[in-house]
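Below: one structure, written as structure tokens.
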Amino acid sequence: MPHRARPPSVAFVKRSCLLPADGFYDWEQAKDPATGKVCKQPYFINPEDMQVMALAGLYEYWRKPEVQRDDEGGRAANRMRSIRPRQSR
């Protein structure tokens, strides 16, 4: 059975989030004058003041159909409790 995503409007209303980022890449197609090949040139876009920016995002949950009780989130939370803060240098 193929996976069918919910309409974007449902995800936009119920499962939107902000993602902190220091920048993102935009790609421009350019022709190499030496070889004539088309390649992609990456450009890193970031705020001039080097502050953290927020990107809008949508998320979705997925559960394995054959697993009765998917408690991976609980195990991940337990693992996170065992991580100690990094010490200052």
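Please treat every number below as a calculation from the coordinates, not as lab data. Just so it is clear, the model here is predicted, and its values are computed rather than measured. With ideal geometry, Cβ positions are generated from the backbone for all residues, glycine too; neighbour counts draw on all protein chains shown.
Can you work out the Karplus-derived ³J(HN,Hα) for every residue in the stretch 36-43? Use 6.51 cos²θ - 1.76 cosθ + 1.60 with θ = phi - 60°, whole Hz, and x for glycine or proline.
x, 6, 8, 10, 9, 9, x, 10
Lys and Arg at +1, Asp and Glu at -1: add these up for the other residues within a Cβ distance under 15 Å of PRO47 and post the number. Intermediate results must be reported in sequence, preceding the final value.
Values: positive: none; negative: ASP22, ASP26, GLU48, ASP49.
Net charge in that neighbourhood comes out at -4.
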